[in-house]
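Notes follow once the structure below has been shown.
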Amino acid sequence: MEGWKIGIVKRDFPETPISITPIFHSSNSPFIPLKPLIMKKLKVFLISLIIIIASNINAQNITQSIRGQVIEKQTLISLPGATVILLGTDPVVGTTTNNDGYFVLKNIPVGRVSLQVRYIGYHTATINNLNLMSGKELVVNVEMEEKVQKMEEVVVTASRKGETINQMSSVSARTFSVEESQRFAGARNDVSRMAANYAGVSTSNDALNDIVIRGNSPSGLLWRLDGVDIPNPNHFGQLGATGGPVSMLNNNVLSNSDFMTGAFPAEYGNALSGVFDLRMRDGNYDKHEFLGQIGFNGFELGAEGPISKKNNSSYLINYRYSTLGVMKAIGIDFGTGTALPNYQDLTFKLNFPTKKIGKISVFGLAGISDINFLFSERDTTQDGKDFYTYDNRDILSKSKMGVIGASHTLILNSTTYSKLIVGASVMFNENVVDSVSTETNIPRPYYHNTFTDSRFFGNFYINKKINSQNNFRIGVNVNRIGMNLIDSVYEASKDRFVTGVDINDFTYLYETYIQWQYKLTDNLIFNPGIHYQQLALNNNNSLEPRFGIKWNLSKTQSLGFAYGLHSISQPLSVYFNQIELPDLDYFLPNKNLDFTKSNHFVLGYDIFFDKNLKFKTEVYYQDIFHALVEQKESAYSSLNNNSFTRFSPDSLQNTGTGYNYGLELTFERFLDKGLYYLFTGSLYESKYRGSDGVLRNTAFNGNYVFNALAGKEFELPSRKQNAKHKKFITIDAKITYAGGLRYTPIDVAKSMKNHQTELDETRPFSEQFDPYLRTDIRISFRLDGKKASQEFAFDIQNATNHKNPYMMMFNSQTGKEEMINQLGIFPMMQYRIVF
């Protein structure tokens, strides 16, 4: 977190008085050198790790239990009598599920394990390389899929790895495990940063986890948690944003989830680029377990266990407090002055399965954060050198986010179930900006906003399986959107504050959809659907056809194609941006803006060379229309906004266009025998037209991204029998090479005149920085005892200290342009214990 900066950045078009863009920068080593305290801790950590590894080695009698439930994928009914086998055992270790589909395997040696589940008439499910630790039972819930073509004998086949949980996805989708977000070098236990390793995905900068998908603005991403759309789940996030420096989504409480990058199924709406469909796991319903963790993301405490063992109800809760906030409280100075991030979050889930009234779950996520950048309290002896004195501003920023929901899943009969989800969410931002005189060092009020977005939601769908070939899902979502938005900025020409947004009202967003899956055979699957959404604020609506097809050419090869029309509403502050008239009255020029829309076309091909080695390629084209541009002729387009861009011109219209096309390649070895690797490559173009009709590069047109990841897990050999621990060491590495960020060059003459950074508006995003290069390394050591598992991890991000450019700014003191670089070499440590 060291090296962050929040600033007020004037964007490309200065017609409006101010653009508020909270940006968390990361300086390289010339700005923030590694502190002696960090280096001292690093030495202590490495010495301790060597001592631990050299001490008594692992035991062979450390065991743990594996439990879970087997259900049918399309109807959610339990499958009694399913056979569960632990692969690689001789004699075979296995069991069968009880009347409610539950199973348990006890006294299994810790380490990597693989399960295979068989049931007559269903495809065999194989789950490989699960991580069984001594401190925590492994809970595995298995969904079985019925065969279209029945056979009397059971044919054992391995499940295709990487397939999505959502059965309606045909292409551009992938399931990821929580372990990947914990294991991938540079991921920081963050699912967003982990997803940046996938083909077609890039991040806008090191300090934010914004996700750029196929050249789209990160604002087009939809976050979904346990079936409901949620606000930005990141600390220090702003209203309408989708990213931030630190995620609230703690991967210690997540389950396997889906990530989609285009042409997604009909049940997802109000999104333009991609979907993060996240699921929280249920707590252990048989045993109380606890977690403690200290690392970059904070101090964490977690607990889970049964509420009632009789009906398998459970609880899961996790709390986190920012590490640097604790360090500040005990008097440790990290050299970042007043710019110290503070945050905390809480996540929970209560699960109540019943036989008569169905399954009821209650879940919640909440976080608060604040950060202050005070130019007035800077070290004046470091003027011109202190990274945190940018723009002569005092900036105070606060954010809060919370969501709570309750879901009810009811199995109506053997082929039909329904799900109802109700709840509420709120997101609050307050930003105070004071202008600081360089002569008197006295701050004066300049800008202030308080934005609150509060929502009540209700989602309901029915899933009906007609037979093994036909499955339908029909749903409706209603979202009541309450808004209390107000801001004001000082205008020197009027010598008073002028209000930009002032609204306290509510509206509704309605969505409904129908999705059909038709299996002509087990190898040819069609996924047609249609989605409809309407915004009550101005009654704009969108009817969106979706279609996908998956054709398994053989046991190892498949083709996929998908098309979808997708749309997204505009940020609330844009609809209510007001213009002051000469009589001091106001009017709203943007209230009737339509959705921004795009047509997605995707063609994909997969081949498995063996059960663990896969090659995948996709080509895509995305046609974007109804993008926001100015009513007067200009180069502005909303397609260039990142998720923290607060600027928009006064008067907008839906006449902008754009397009994205590209080729993606993935070559992956899934984890097997401790080894995995992943190579991804993306070649793409991203263009747009403003109201001036000129075709230009978007802000996100990096042209190419290449990632190479690899890791190896070793179980340390035994020296003696009946030792008290088993020990594992894992080494992971990652290299990213990508096209540099696009930027608008500085107008030096205008900047000198106004004593601040001014951009050359005639050449937006016409320049590109040097290519981005970053190497991350992660080393972890796990110690499994009889009752507890401990893990020590050490990450070095940007291990080569490569100086990747982030932005150009004008230094009014020197009269020259200066480069602001991204994150320099940055070591992090983590300790986790589970018991």
Test: Asn197 is under 26 Å from Ser598 (Cα atoms), open to solvent by less than 10 Å² (accessible area, probe 1.4 Å) and out of contact with any strand residue (DSSP E or B) (no Cβ under 6 Å at 6 or more places or on another chain) = no
Name the single residue, out of those in the range 703-749 being assigned to a loop (DSSP other than H, G, I, E, B) and hydroxyl-bearing (Ser, Thr, Tyr), that is least open to solvent (accessible area, probe 1.4 Å).
-> Thr744
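Return the residues of the range 793-806 that are at negative phi and either open to solvent by less than 40 Å² (accessible area, probe 1.4 Å) or not in a loop (DSSP other than H, G, I, E, B) (or both); say none if nothing qualifies. Outline the logic, then answer.
Here is the first cut: in the range 793-806, the ones at negative phi are 793-797, 799-800, 802-806.
Answer for the range 793-806, where residues must be at negative phi and either open to solvent by less than 40 Å² (accessible area, probe 1.4 Å) or not in a loop (DSSP other than H, G, I, E, B) (or both): Ala793, Phe794, Asp795, Ile796, Gln797, Ala799, Asn804, Pro805, Tyr806.
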Looking only at the range 252-282, count how many residues are in a loop (DSSP other than H, G, I, E, B), of a type in the set (S, T, N, Q) and open to solvent by less than 10 Å² (accessible area, probe 1.4 Å).
-> 1
Got a sec? Which of Arg320, Arg224 is within 24 Å of Phe595 (Cβ to Cβ), buried (at least 18 other Cβ atoms within 10 Å of the Cβ), in contact (Cβ under 8 Å) with a residue 40 or more places away in the chain and among the basic types (Lys, Arg)?
-> Arg224
Inspect all residues belonging to the range 771-780 and state whether any of them is under 24 Å from Gly215 (Cβ atoms), in contact (Cβ under 8 Å) with a residue 24 or more places away in the chain, of a type in the set (A, V, I, L, M, F, W, C) and out of contact with any Pro (no Cβ under 9 Å at 6 or more places or on another chain).
-> yes
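May I ask you to verify whether Thr416 is under 30 Å from Thr521 (Cβ atoms) and surrounded by 15 or more Cβ atoms within 10 Å (Cβ to Cβ)?
Values: under 30 Å from Thr521 (Cβ atoms): yes; surrounded by 15 or more Cβ atoms within 10 Å (Cβ to Cβ): yes.
Yes, satisfied.
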Scan the range 575-596 and give yes if some residue there is modelled with pLDDT of 95 or more, under 24 Å from Ala627 (Cβ atoms), in contact with a Gly (Cβ under 6 Å, 6 or more places away or on another chain) and in a strand (DSSP E or B), otherwise no.
-> no
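Tell me which residues, restricted to the range 393-413, are among the polar types (S, T, N, Q) and either surrounded by fewer than 20 Cβ atoms within 10 Å (Cβ to Cβ) or within 21 Å of Ala241 (Cβ to Cβ) (or both).
Taking the range 393-413 first, the residues among the polar types (S, T, N, Q) are 397, 399, 407, 409, 413.
Hits for the range 393-413 are Ser397, Ser399, Thr409, Asn413.
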Taking the residues in the range 332-363 that are over 18 Å from Ile294 (Cβ atoms) and exposed (fewer than 15 other Cβ atoms within 10 Å of the Cβ) as candidates, determine which candidate is modelled with the lowest pLDDT.
-> Gly335
Sort out which residues of the range 808-835 are touching a Lys or Arg at 6+ places or on another chain (Cβ under 7 Å) and more than 30 Å from Phe792 (Cα to Cα), and write them in order of number.
-> Asn821
Within the range 678-702, residues surrounded by 18 or more Cβ atoms within 10 Å (Cβ to Cβ) and not in a strand (DSSP E or B) come out as Gly690, Ser691, Thr698, Ala699, Phe700, Asn701, Gly702
Exclusive hit being crowded, with 18+ Cβ neighbours inside 10 Å and out of contact with any Pro (no Cβ under 6 Å at 6 or more places or on another chain), set Val629, Val619 | Val629
Taking the range 214-239 and keeping residues within 27 Å of Arg281 (Cα to Cα) and touching a Leu at 6+ places or on another chain (Cβ under 7 Å) leaves Gly220, Arg224, Leu225, Asp229, Pro233
Within the range 294-312, which residues are open to solvent by 40 Å² or more (accessible area, probe 1.4 Å), in contact (Cβ under 8 Å) with a residue 40 or more places away in the chain and part of a strand (DSSP E or B)?
-> Ile294, Ile307
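Tell me which residues, restricted to the range 642-655, are of a type outside the set (Ser, Thr, Tyr) and surrounded by 23 or more Cβ atoms within 10 Å (Cβ to Cβ). Reasoning before the result, please.
Let us first name the residues in the range 642-655 that are of a type outside the set (Ser, Thr, Tyr), namely 642, 644, 646-647, 649-650, 652-654.
Phe644, Arg646, Leu652, listed by residue number.
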If we scan the range 639-658, do we find a residue that is out of contact with any Pro (no Cβ under 9 Å at 6 or more places or on another chain) and farther than 22 Å from Gln578 by Cα?
-> yes
Name the pairs whose Cβ atoms lie under 8 Å apart, with the first residue in the range 78-91 and of a type outside the set (Gly, Ala, Ser), the second in a loop (DSSP other than H, G, I, E, B) and open to solvent by 40 Å² or more (accessible area, probe 1.4 Å), and 6 or more positions between them or separate chains?
-> Leu79/Tyr119; Pro80/Asn98; Pro80/Asn99; Pro80/Asp100; Thr83/Tyr119; Ile85/Val92; Leu86/Val92
Among the residues listed as Met809, Met752, the single one being modelled with pLDDT under 95 and assigned to a strand (DSSP E or B) = Met809
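Of the residues that make up the range 498-516, is at least one polar (S, T, N, Q) and out of contact with any strand residue (DSSP E or B) (no Cβ under 9 Å at 6 or more places or on another chain)?
Of the residues in the range 498-516, the ones polar (S, T, N, Q) are 499, 504, 507, 512, 515.
Okay, now just the ones that are also out of contact with any strand residue (DSSP E or B) (no Cβ under 9 Å at 6 or more places or on another chain), so none.
No, because not a single residue in the range 498-516 is polar (S, T, N, Q) and out of contact with any strand residue (DSSP E or B) (no Cβ under 9 Å at 6 or more places or on another chain).
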How do the pairs read when you match residues in the range 579-595 that are within 18 Å of Ile486 (Cα to Cα) with residues anywhere that are of a type in the set (Lys, Arg) and exposed (fewer than 13 other Cβ atoms within 10 Å of the Cβ), using Cβ under 6 Å and keeping only pairs 6 or more apart or on different chains?
-> none
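The values are calculated or read from the model by the stated rules, or taken from the named source; none is laboratory data. Keep in mind that what you see is a predicted model, and the values were worked out from it rather than measured. As a convention, Cβ positions derive from the backbone with ideal geometry for all residues, glycine included, and neighbour counts pool all protein chains shown. Note: accessible area is taken over every heavy atom of the protein model, side chains too, but ligands, DNA and RNA are not part of it. Shrake-Rupley method; radii C 1.70, N 1.55, O 1.52, S 1.80 Å.
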